[in-house]
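Since the structure comes first, as structure tokens, the remarks are kept for the end.
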Amino acid sequence: MEVYFIRHTTPQVAKGICYGQSDLDITDSFEAECRQLKPQLPEKFDTVYSSPLKRCTILAQQLTSQVITDDRLKEMNFGDWEMKKWDEIPNEPLDYWMEHFVTAKTPNGESMEGLHARVKEWWQSIQVNDSKQKIAVVTHAGVIRIMHAHLNNIPLNKAFENFNIGYGEVWKYDAV
């Protein structure tokens, strides 16, 4: 099966804000960003999955009217840090989390292991009856990073190395 992981387009949020699972709108650049990513995609998908957050579903609906949303495709939950400026988060808990991001949860949020567990559960739950299926997954950088690590046997603590994911980028994988 061909799986196209698509990161949502630019969200309507100021730079430097921690916004994981906050339900943000899209910017005015949405149409232009869609025009840039569509040539990277097949004309038709057999199935389109999406995070239920608005910045993903709006893009997914450009691909098909039959979008399957799944909470397990949401971005990492940053808990108490959601919608705070990164530079306003106290240094001590932020430094600890950054050193132990795989296992440490953000206050009232989740760890990368937690994100990995729910994304892996989603991956194992999707039913593929035809190896020639084309599947789109409109989601977030964290989810794409987790799947990239999972599909390439990369340890979670190395998932950020040499792997940047821009808004509206497409990552294609041939998976079984």
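The values are calculated or read from the model by the stated rules, or taken from the named source; none is laboratory data. All figures in this text were calculated on a predicted structure; none of them were measured in a lab. Quick reminder, even Gly has a Cβ in these numbers, built from the backbone with ideal geometry, and neighbours come from all protein chains shown.
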* Scan (1) modelled with pLDDT of 95 or more; (2) at negative phi for the single condition Asn129 breaks and write down its number. => (1)
* Asked: Quick check: is even one residue across segment 136-155 more than 15 Å from Glu75 (Cβ to Cβ), in contact with an Asp or Glu (Cβ under 7 Å, 6 or more places away or on another chain), of a type in the set (A, V, I, L, M) and outside any loop (DSSP other than H, G, I, E, B)?
  -> no
* Asked: Taking into account only those residues within segment 114-126 that are more than 23 Å from Thr9 (Cβ to Cβ) and of a type outside the set (Gly, Ala, Ser), which is modelled with the lowest pLDDT?
  -> Ile126
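Given the options Pro42, Pro52, Pro93, name the one that is more than 21 Å from Ile146 (Cβ to Cβ) and in contact with a strand residue (DSSP E or B) (Cβ under 6 Å, 6 or more places away or on another chain).
Details: Pro52 fails: more than 21 Å from Ile146 (Cβ to Cβ); Pro93 fails: in contact with a strand residue (DSSP E or B) (Cβ under 6 Å, 6 or more places away or on another chain).
The match here is Pro42.
Quick one: how many residues across segment 114-131 are among the polar types (S, T, N, Q) and either part of a loop (DSSP other than H, G, I, E, B) or surrounded by 15 or more Cβ atoms within 10 Å (Cβ to Cβ) (or both)?
Applying the first criterion (among the polar types (S, T, N, Q)) to segment 114-131 yields 124-125, 127, 129, 131.
If we keep only those that are either part of a loop (DSSP other than H, G, I, E, B) or surrounded by 15 or more Cβ atoms within 10 Å (Cβ to Cβ) (or both) as well, we get 127, 129, 131.
Residues meeting the conditions: 3.
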* Structure fact -> Scanning segment 157-169 residue by residue, those modelled with pLDDT of 95 or more and either within 14 Å of Ser50 (Cα to Cα) or assigned to a helix (DSSP H, G or I) (or both) turn out to be Gly168
